[in-house]
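Asker: Structure incoming, see below.
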Amino acid sequence: MGTSDVLETACAYLKSGKVISYPTEAVWGIGCDPFNEIAVSHVLDLKKRQISKGLILVAASLEQISPLVQPLKDEQIALLKSSWPGPTTWLIPDQSDCFPSWIKGQYDSVAIRVSDHGVIRGLCLKFGGPIVSTSANVAGEPEIKDRKRIEDVFGDSIDFVVDGELGNKHSTSEIRDLVTGERLR
């Protein structure tokens, strides 16, 4: 199966409410359609993660999250543009309620990054918008950096695994608050 076919298949899974795994900048990720509450619940169950913590989304471009970015100040947009595409995840206030509560958790903002990783960009472009991107591990356990380990840990609970290489980052993405500038991770 060629790269385009693999991405098509992965997006078909996403659109049908299924959960996929894929390589990211530093670790393997688990993803789903952020607007599908059942799929998001499945991801949270797999990770044993509380919904209140929220989830990170990834996108292929700033345009894919334009409703979220539109109300921002020019300086904030410039800050996003200066770090994207790249490994920085920003907490962006969701002033227009663009994303559901099961993505934001207990927060009023959305954790999102525009990635420069080829697989992630391809997935988001074919999917037509951002997808959930959380590290493929059970909460509190080490992140997974080996594709075979996905199958060992999650078995058939992951509906589709997108083959590919991890990026060249050594740790998960930096997380920053767009309003305060504070680094959270």
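Asker: How many of the residues in the range 14-35 are surrounded by fewer than 20 Cβ atoms within 10 Å (Cβ to Cβ) and at negative phi?
Answerer: Total meeting the criteria: 5.
Asker: Conditions: (1) within 14 Å of the chain's Cα centre (by Cα); (2) small (Gly, Ala, Ser); (3) farther than 19 Å from His117 by Cβ. Ala12 meets all but one. Number of the miss?
Answerer: (1)
Asker: Starting from residues that are under 15 Å from Gly128 (Cα atoms) and hydrophobic (A, V, I, L, M, F, W, C), keep the ones in the range 49-65 and report whichever is surrounded by the fewest Cβ atoms within 10 Å (Cβ to Cβ).
Answerer: Leu62
Asker: Taking the options Leu72, Leu68, name whichever one is in a loop (DSSP other than H, G, I, E, B) and surrounded by 17 or more Cβ atoms within 10 Å (Cβ to Cβ).
Answerer: Testing whether each residue is in a loop (DSSP other than H, G, I, E, B) and surrounded by 17 or more Cβ atoms within 10 Å (Cβ to Cβ) leaves just Leu72.
Asker: If a residue must be surrounded by fewer than 20 Cβ atoms within 10 Å (Cβ to Cβ) and charged (D, E, K, R), how many such residues does the range 87-125 contain?
Answerer: Total meeting the criteria: 4.
Asker: Take the residues of the range 106-115 that are touching a residue at least 60 places away in the same chain (Cβ under 8 Å) and not aliphatic (A, V, I, L, M): which is farthest from Ser173 (Cα to Cα)?
Answerer: The qualifying residue farthest from Ser173 (Cα to Cα) is Ser109.
Asker: Filter the range 75-84 for residues that are in contact with a helix residue (DSSP H, G or I) (Cβ under 8 Å, 6 or more places away or on another chain) and surrounded by fewer than 18 Cβ atoms within 10 Å (Cβ to Cβ); which is nearest to Gly31 (Cα to Cα)?
Answerer: Lys81
Asker: Please tell me if Gly155 is small (Gly, Ala, Ser), more than 17 Å from Arg49 (Cα to Cα) and either within 16 Å of the chain's Cα centre (by Cα) or surrounded by 13 or more Cβ atoms within 10 Å (Cβ to Cβ) (or both).
Answerer: no
Throughout, read-outs are computed from the coordinates displayed, never taken from laboratory work. These figures come from a predicted structure and were not determined experimentally. With ideal geometry, Cβ positions are generated from the backbone for all residues, glycine too; neighbour counts draw on all protein chains shown.
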